[in-house]
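Reading through the structure tokens given below for one structure.
Any read-out appearing in this document is the output of simple, stated calculations on the displayed coordinates, not a laboratory observation. Note that this is a predicted model, so its numbers are computed, not measured. Neighbour counts run over all protein chains shown; Cβ positions are idealised from the backbone, glycine included.
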2 protein chains.
Amino acid sequence: MERGKLKPYSLSKAYGLLEPGPVVLVTTAAGKKRDVMALSWHTLLDFEPPVIGFALSEGNYSYSLLEASRECVIAIPTAAMVSTVVRVGNCSGRTVDKFGKFGLETAPAAVVKAPLLTDCFANLECRVIDRSWARKYNFFVLETVRAWMDPAARNPKTLHHRGWGSFMVAGRTIKVPSNKR
Amino acid sequence: MERGKLKPYSLSKAYGLLEPGPVVLVTTAAGKKRDVMALSWHTLLDFEPPVIGFALSEGNYSYSLLEASRECVIAIPTAAMVSTVVRVGNCSGRTVDKFGKFGLETAPAAVVKAPLLTDCFANLECRVIDRSWARKYNFFVLETVRAWMDPAARNPKTLHHRGWGSFMVAGRTIKVPSNKR
């Protein structure tokens with residue numbers, strides 16, 4: 001029930017990982033092919049289990065694997081991985097085995113065929129539940145079916161893309177009384 | 001051509017304001033009614049002009065004003081406004097004039113009827129261009145028609161919601177070579 005440093009994580013809490021808007025790495029697999037890409041255009045659509053919408057351009061190799069498999073893993077890297085994130089984002093899986101080239105550590109997921117990225121502090125296994133906007137906006141709706149978390153991750157320094165290699169790095173956490181989930 | 005401290009901002013750059021995933025305040029107006037709410041569930045869908053998707057629950061008063069007007073302003077607050085953001089998010093415009101109660105400074109927008117929030121460092125005037133997922137996911141697609149920016153805002157300390165009043169505050173900026181917009 002462990003994957004490297006990752007342990008199972010509650011689907012009721014997992015929305016809070018994506019809500020702050022981090023850059024994510026998305027892995028896909030179909031048949032013997034697999035890919036990984038970087039992505040910032042995602043949003044929550046429901047809390048529990050987390051329903052996620054993301055835009056994944058049809059120009060990406062990952063798009064064809066997502067369409068074929070209807071599954072993926074959404075993994076969240078920290079600033080320590082910024083060089084890897086940018087290199088993953090700047091080449092195509094059509095011509096490069098990004099996992100090998102960038103030394104990405106993987107482990108089998110529990111439910112989906114796409115691999116977990118065990119260097120990322122959080123991993124969400126997802127299934128596509130609505131692809132009716134795939135052509136219109138390159139937009140997919142996904143349901144999170146399993147979540148993994150590094151229990152040692154405290155206030156993780158997530159990356160937040162501003163364009164052209166510029167990233168805001170997550171800063172301090174503040175807490176004020178609120179009744180809003 | 002100015003609104004308080006805000007000046008016009010390029011629609012080609014405006015996507016970079018929302019991509020890092022900040023909490024936003026959304027203003028709406030229809031007839032003599034207006035409202036403001038806090039929202040974290042948004043994503044970019046296109047770069048220029050920025051096309052934005054956001055989920056705005058039908059339970060919100062703002063939902064009815066957005067449906068009536070098909071317009072809004074998306075304003076981005078910094079950590080200095082965290083108390084206001086939480087208070088805006090914890091009550092309903094059905095029973096409270098949030099602008100008056102929380103002392104929100106407004107100015108007329110250029111294109112839409114919803115007001116700008118001049119205490120926020122960035123404001124995006126938006127029109128709903130697709131509401132076909134309004135019932136399915138409370139999801140609206142908006143096109144940014146005008147953008148406003150405080151030119152003095154440097155590395156703004158945006159808020160990133162983690163749930164129950166917990167926010168990550170934007171930290172430092174890092175830059176690495178990348179060919180990705």
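Tally Lys/Arg at +1 and Asp/Glu at -1 over every other residue whose Cβ is under 11 Å from the Cβ of A:C91; what's the total?
Here the charged neighbours net out to +3.
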Low-density loop cleavage sites - trypsin sites (Lys or Arg not before Pro) in the stretch B:102-179, where at most 14 other Cβ are within 10 Å (DSSP): B:R131, B:R154
Inter-copy label distances at B:P177 (7 Å, Cα→Cβ; nm, one decimal): 5.4
Qualifying trypsin sites (Lys or Arg not before Pro) for the stretch B:1-69 [loop in DSSP, other Cβ within 10 Å: at most 10]: B:K32
Size of charge dipole - the protein assembly as shown - debye, nearest 20, with Cβ of Lys, Arg +1 and Asp, Glu -1, no other charges: 420
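Given the -39500 (n - 2.57) contribution per DSSP H run of 4+ residues, what per-residue ellipticity at 222 nm results for the protein assembly as shown, rounded to the nearest 500 deg cm²/dmol?
About -3500 deg cm²/dmol.
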Shielding score for A:155-166, defined as the mean number of other chain Cβ atoms within 10 Å: 6
Net charge of neighbours whose Cβ lies under 14 Å from the Cβ of B:S64, counting Lys and Arg as +1 and Asp and Glu as -1: +3
Selection of GluC sites (Glu not before Pro), the stretch B:65-173, meeting DSSP coil and at most 15 other Cβ within 10 Å: B:E105
Inter-copy label distances at B:G103 (7 Å, Cα→Cβ; nm, one decimal): 5.4
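Over chain B, what is the relative contact order in whole percent, taking alpha-carbon pairs under 8 Å and six or more residues apart?
27 percent.
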Kirkwood Rh and Cα Rg combined as Rg over Rh, evaluated for the protein assembly as shown: 0.96
Label distances, nm, A:K7 versus same residue in remaining copies, Cβ-directed 7 Å point: 5.3
Signed unit charges on C-beta, dipole axis of chain A, positive-most listed residue A:V169, A:L17, A:M37: A:V169
Chain B - charge dipole about Cα centre, Lys and Arg +1 at Cβ, Asp and Glu -1, debye rounded to 20: 240
Å³ per residue enclosed by the Cα convex hull of the stretch B:20-170: 111
Highest-fluctuation residue, A:I76, A:I52, A:I129 considered, GNM on chain A with Cα pairs under 10 Å: A:I129
